[in-house]
Structure formats: structure tokens, C-alpha cells
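Written below as C-alpha cells is the structure these notes are about.
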Amino acid sequence: MLTKYEEVIIEIKNRIEEGHIMPGERLPSVRALSKELQCSVNSILKAYAELEKEHKIYPVPKSGYFLVGRTPPVQEKQPDLIDFLSAGPDRSRMPYRDYQHCMNQAIEFYKEEMFQYSEPLGLFTLRRQLSKQLQNLQVFAPPERIAVVSGSQQALDLLITLPFPNGKEVICVEQPTHFSFIESITSRGLEAVGIEMTKDGIDLEHLEEIFKTQRIKFFYTVSRFQNPTGYSYSNHEKKRMVQLAQKYDVYIIEDDYMGDLDTRRKADPMFAYDPSGRVIYTKSFSKVLLPGLRLGVAVLPNWMIENFTKAKFAADVHTPVLTQGALEIYLKSGMYSAHIQKLRKQYKTKGKILKHAYLEHLPKGTSFSGGDSGFYSTVKLPGRLKPRHLIKHLKKKNVLVQDATNMYLTPYRKENQIRLSVSQVEDSLISIGVQRIGEGIRELLLKM
Ligand SMILES: Cc1ncc(COP(=O)(O)O)c(C=O)c1O
């Protein structure tokens, strides 16, 4: 038996569904509706309060309640589809309700400041909070050296344009690497040299040779859960790279986009081995929070702050203030740490399932990299099998994977790997998906 206010909710929802109330339109006044539906004003108020909680309607003081704007329909996924292609966080685990709460709190607390122009490097109170938060990752830096950016991609894209004190001009980069960074290099026509990234990391002697013989301005490295290989360097490797950078006057841009997910208790970022400014550290809130917020952080050397501030101002004046205010509250309240604890467990489990599935289902001659968090990993295809042929074949089996070919600079391009991300694949489907990939590879090899 429904209570009166529940009946009112159903009535309103029906009216919305049937198009009697359109997005942005005012709902009937409380008094008019109570008369029309012959119920108390309290029942209507309670129903409207519930609908407001569901974010279907919103109140405007002295004007009444309005229907919120239309949200785009969530794309229905095919039930049988196994999507190793999408690399955003799992929709069902996105803490956007908590974040919404923090946005409301930020407005309550900071009021119109959330809607004013602000500092290019970000809200100082957030930078102070970030300075504390980053200590959990062994990154010790004062708020003055911390810049809030519109996604870590923005920091990377600005950094590659700035002059460095070594006066050199060539960028050194792992191959393959994060596609957006390749885009930054090529769209700006910059000179770059690659170093091969395998399932076992990079050849440090080769890195030394490159540092010694070429005019390397900086080395861009994704030090944990590398995209696409999923490789995480050991402390020993990271320390050695920093030593080489110091020896040959090369800077390091350390992209620690998912550092929070590292469960190795003693793992340090490279930044910890030279916090003086040799290592420029970036971190993203996309994979571990909400990518649409476009929030990232860069820890800058003192000599770069002025130039970076100018570049950031020229790019977008500053990152939107409201999302920054909300992040400050999200961090301060402990919600972020609690969320990260959950994510760590989830990705560790996914990683284990994935590795097991690779070992069980991939045919001979096929190898894989990464899989520790499961977020990204690659599968190297056997023989002359091309990723594009496999991708087409796997689509027929309802499995989506990414071609890793464009994650290389053109001179270093290899057409032999696919990238998988398990972020949007349910645990129970990971093994089935990898099994289909294994079958697909075998079937295509038979036809070659
Ligand atoms: C290596 C790497 N760095 C950074 C990012 C995140 O960038 P942003 O913070 O701009 O979303 C990604 C996203 O895929 C990535 O793969």
C-alpha cells in the first residue's frame, strides 16, 4: 500500500515521462497540486523533497520547483559485450554523489568565491590540502610549488612548451606510451627520441647512452602502471634513472597518474629521490576519481613557477574553481582516502584475475605485460598477426580491445600489440573475455 506522498511521486514522474512537464519548466505549485490531487500540502512537500533528492527537480526560492535539464541517455551496453577498450572508471563505482555533496558544501562554505576569477595555479586552500595529501605518496612539497591543472594532460602539454635550464631541446619518451603525450609532441612538431618499453621495463644502459649522446631536455616517464604496458618500475630502477638524469643534466617528468593504486608499501615515486626540482611530478584525478572533472596536479621546480603560471594563464586562466573547492572538501573529509582504499582492493583483484586468465588462455608465442592493477596491460601478438585484423575478428565475438600501434612515435612504431583495460569489465567476465581473445588469435593464426 503506497503512502500519499509516494502516490504523488508516481503521478509527477508519469507527467514527466508523458511530456506534460518539460525540462526547465516549473512544476505545479504546492498548493495547486494539493488541491488537484486532494491531499495535504505536507504530502506534496515531502514528494517534492524526495524528487529533489533524486535530482529530478530543483527549488528556486520564491518561484517554486523546476524540472532539471535533460540528461543524455546512458548508452545501453550490449549484455554480452566485453569491453576492454574503454578506459574510464567503472560507471557503477564513480563517487559522483559524494562529489555532488562536496560541491554543495563548497558553495555553502565559500559562497560566491566559487564563481569568481581565481589564481592561475589554483585555490591556495586546495594547494595546501594537496601538499598534505601528496605526503601519502612520498611527495613532499610546499603549496607554493603545487599547481592545480585541468587534467594532468594540461600540465604535460604546457610543460613540453617551456624552456628548461639545461637549454636542450629533445624529449625522450618510453615507447609505447600514453597516446595523448604523443599527440602533444607531434602536434607541436617537437623533436623526440624513444626508448623501448617492454614487459620488463626499459634498458637502463640504453637510457644512459641516449642521455649521454643526445640533447635531452627531459625524459617523460609513467613510473607506475605505465600506459599501455601496465609496467611499474622498482625503486632501484627509479633511483637509477634519477641518478642518470642528475649525471647528464636531464630533467624528468614523472607522470604518476595512478600512483594511489600502488599497493607495494615501500614503493616511492621518482620525485622522492630528488625533490629539489630535477623531477617534475604530475598526478591525475581522472582514473582514481572522476575524469570529467578535469583535475590534475603538477609539482613544479621553483625556477619554473613563473613561466608555468604564465602558460597556464594563457591556456585557460585557471581550472574551474567550484570543482577545486569540492576537491578540497573531498580530500579533507577523508572521502578520497576511503575511496582509494576500495579502489586498490578492486583493482588488485581484477589484476589477479587478468594475469591468471592470460596464463590460462593465451596461445603459445603470445606474451603479455602488466596486469598488476589490471587497469592497463598489453598483449603482444604472435607471428605476423596484426592488431587491426584481430580487433575486427574479436568484434564478432563481442570483445573490444584497443590497437596499441598509435601509442608510438612514427619512427618507433610497431604493429604487434593490443591494449586491454579491465576498468569497465566485471570480474566475472574478465576470464571469458581473455578466453575469447585467445581463441581469436588461434583462429586467425590457422588462416595465415
Ligand atoms: C599515462 C597517463 N597519464 C595521465 C592520464 C590522465 O590524464 P588526465 O588527468 O588529463 O585525464 C592518463 C589517462 O589515460 C594516462 O594514461
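Annotations
- Single match in Arg384, Arg442, Arg419, Arg436 (criterion: in a strand (DSSP E or B) and of a type in the set (Lys, Arg)): Arg419
- One residue from Gly189, Gly151 being touching a Lys or Arg at 6+ places or on another chain (Cβ under 7 Å) and at positive phi: Gly151
- Scan of the range 332-347 for residues that are under 17 Å from the mean Cα position of the chain (by Cα) and surrounded by fewer than 20 Cβ atoms within 10 Å (Cβ to Cβ), ordered by number: Ser337, His339, Ile340, Gln341, Lys342, Arg344, Gln346
- Qualifying residue in the range 245-262 (condition: more than 16 Å from the ligand (Cβ to nearest atom), assigned to a helix (DSSP H, G or I) and of a type in the set (A, V, I, L, M, F, W, C)): yes
- Output for the range 263-307, where each listed residue is assigned to a helix (DSSP H, G or I) and within 16 Å of the ligand (Cβ to nearest atom): Met270, Phe271, Pro291, Gly292, Leu293
One line per residue, one yes/no per condition, for (1) at pLDDT 95 or above; (2) small (Gly, Ala, Ser); (3) more than 16 Å from Thr198 (Cβ to Cβ):
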| site | (1), (2), (3) |
| --- | --- |
| Leu354 | yes, no, yes |
| Val399 | yes, no, yes |
| Ile432 | yes, no, yes |
| Gln435 | yes, no, yes |
| Gly440 | yes, yes, yes |
| Lys447 | no, no, yes |
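- Residue under evaluation Ser152, criteria (1) in contact (Cβ under 8 Å) with a residue 12 or more places away in the chain; (2) more than 15 Å from the ligand (Cβ to nearest atom); (3) not aromatic (Phe, Trp, Tyr), criterion not met: (2)
- Single unsatisfied condition, Leu137 versus (1) in contact with a Gly (Cβ under 8 Å, 6 or more places away or on another chain); (2) within 12 Å of the ligand (Cβ to nearest atom): (2)
- Filter result for the condition that a residue is touching a residue at least 24 places away in the same chain (Cβ under 8 Å), charged (D, E, K, R), open to solvent by 80 Å² or more (accessible area, probe 1.4 Å) and out of contact with any Lys or Arg (no Cβ under 8 Å at 6 or more places or on another chain), over Lys53, Lys35, Lys4: Lys4
- Scan of the range 92-119 for residues that are under 29 Å from Ile305 (Cα atoms), of a type in the set (Ser, Thr, Tyr) and buried (at least 16 other Cβ atoms within 10 Å of the Cβ), ordered by number: Tyr110, Ser118
- Boolean, Leu27 is among the aliphatic types (A, V, I, L, M) and more than 35 Å from the chain's Cα centre (by Cα): yes
- Complete set of residues in the range 390-400 that are open to solvent by 10 Å² or more (accessible area, probe 1.4 Å) and either in contact with a strand residue (DSSP E or B) (Cβ under 8 Å, 6 or more places away or on another chain) or not in a loop (DSSP other than H, G, I, E, B) (or both): Ile391, Lys392, His393, Lys395, Lys396, Asn398, Leu400
- Scanning the range 221-239 for residues that are among the small types (Gly, Ala, Ser) and within 20 Å of the chain's Cα centre (by Cα) yields Ser223, Gly230, Ser232.
- Just one of the listed residues (Pro411, Pro387) is under 30 Å from Leu190 (Cβ atoms) and open to solvent by 80 Å² or more (accessible area, probe 1.4 Å), and it is Pro411.
- Flag for Gln138 being crowded, with 19+ Cβ neighbours inside 10 Å and within 30 Å of Lys266 (Cβ to Cβ): no
- Residue match in the range 184-198 (condition: modelled with pLDDT of 95 or more, within 12 Å of the ligand (Cβ to nearest atom) and hydroxyl-bearing (Ser, Thr, Tyr)): yes
- From the options Thr366, Thr410, residue that is away from the ligand (no atom under 15 Å from the Cβ) and over 23 Å from Glu183 (Cα atoms): Thr366
- Residue match in the range 217-234 (condition: surrounded by fewer than 19 Cβ atoms within 10 Å (Cβ to Cβ) and not small (Gly, Ala, Ser)): no
The values are calculated or read from the model by the stated rules, or taken from the named source; none is laboratory data. Not measured: the values here are computed from a predicted model. Reconstructed Cβ throughout: ideal geometry from the backbone, glycine too, with neighbour counts over all protein chains shown. Note: accessible area is taken over every heavy atom of the protein model, side chains too, but ligands, DNA and RNA are not part of it. Shrake-Rupley method; radii C 1.70, N 1.55, O 1.52, S 1.80 Å.
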